[in-house]
1. Looking at segment 66-82, which of its residues are in contact with a helix residue (DSSP H, G or I) (Cβ under 9 Å, 6 or more places away or on another chain) and assigned to a loop (DSSP other than H, G, I, E, B)?
2. Residues to consider are ALA63, ALA85; find the one that is over 25 Å from ALA129 (Cα atoms), among the small types (Gly, Ala, Ser) and assigned to a helix (DSSP H, G or I).
3. In segment 169-192, which residue that is touching a strand residue (DSSP E or B) at 6+ places or on another chain (Cβ under 7 Å) and either among the aromatic types (Phe, Trp, Tyr) or loosely packed, with under 15 Cβ neighbours inside 10 Å (or both) is farthest from GLN123 (Cα to Cα)?
4. Go through (1) farther than 25 Å from ARG59 by Cα; (2) at pLDDT 95 or above one by one and return the number of the condition LEU109 breaks.
5. Pairs please, first residue from segment 249-260 and among the β-branched types (Val, Ile, Thr), second anywhere and in a loop (DSSP other than H, G, I, E, B) and surrounded by 13 or more Cβ atoms within 10 Å (Cβ to Cβ), Cβ atoms under 7 Å, 6+ apart in sequence or on different chains.
6. Can you find, within segment 20-59, the residue that is nearest to ASP80 (Cα to Cα) among those that are within 20 Å of the chain's Cα centre (by Cα) and of a type in the set (D, E, K, R)?
7. If only one of ARG51, ARG4, ARG59, ARG76 is closer than 19 Å to VAL139 by Cβ and at pLDDT below 95, which one is it?
8. Just checking, which of THR249, THR242 is among the polar types (S, T, N, Q) and in contact with a helix residue (DSSP H, G or I) (Cβ under 7 Å, 6 or more places away or on another chain)?
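The values are calculated or read from the model by the stated rules, or taken from the named source; none is laboratory data. Here the structure is a predicted model, which means the values were calculated and not measured. Every residue, glycine as well, gets a Cβ built from its backbone with ideal geometry; the counts of neighbours run over all protein chains shown.
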Amino acid sequence: MRSRPDADLALLADATAKLLGTARGCGDADVRAPSLLPGWTVGHVLAHLSRNADSHVRRLWAAMHGQVVPQYEGGREGRDADIEAGATRSRDEIVDDLVTACVELEQFLAAVPDEVWDAAVVQREYFTAPASTLPFTRVMEVEVHHADLDLGYGPTDWPPAFVDRALPFVIERLERRASSVTGPEASWHLHRTDGDGEWVIRRSPAGSTLTAEHAKADSAIRGPGHGLLAWLLGRVDADAATLDVLGDTELAVQLPVVFAYG
């Protein structure tokens, strides 16, 4: 039986408190302002974070009752419609909704029986994973989208404990998709300079592989963990992420696109 994911729950509590502090400080103009996500205002991002909290409660409730349900009722279309509707509300409605959704999720997580953490839940609509993974997927949503608000909180503010957990998480997602990514032969070496982590990605017409190793590659990208994380998530370019790029610089730019996080 899996143990309660206490470390991830602690990360979530910290991330949520910071997010709600930013949200409560928003004014009417802030929620209508553009976020860093194309086509989304700050209100869109906050509405998404509210409904994403609900989606975690929804899947955990189902797991407690021996069921596996889609992340969002109505699938992707239902999710998008809820976000659009939520973003048009007043500042107070948007912020109050976020606070309520976060509190309800916190209370629900505290009540999950130990045996439920082993149960299968849907992750990102296309694969299942143990329920114990949900607290960290929520941490990812909160920390990354908090930075997307463009309200004074960015990747350099991400706690080291989050970066230590999130960077391998993103690399694992990349590795999961690698075999289906084909193209001209190319290789990338990623190197975290402020902590452990070196990886080599090799692409070929037959597919791609990812290995944890130090090896020469066509392009090498090195820098702090928060910079690599933000770059791999497609949030910033290499310069803004304070990354050093060696070798084929044009090839380096392609990596977050070819292996887009998802």
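1. Selection gives GLN67, VAL68, VAL69, PRO70, GLN71, TYR72, GLU73, GLY74.
2. Testing whether each residue is over 25 Å from ALA129 (Cα atoms), among the small types (Gly, Ala, Ser) and assigned to a helix (DSSP H, G or I) leaves just ALA85.
3. GLU185
4. Result: LEU109 passes all but (1).
5. Short answer, once both residue conditions are applied: VAL258/VAL181.
6. Result: ARG51.
7. Details: ARG51 fails: at pLDDT below 95; ARG59 fails: at pLDDT below 95; ARG76 fails: closer than 19 Å to VAL139 by Cβ.
Answer to the check: ARG4.
8. Values: THR249 fails: in contact with a helix residue (DSSP H, G or I) (Cβ under 7 Å, 6 or more places away or on another chain).
Criteria check complete, one pass: THR242.
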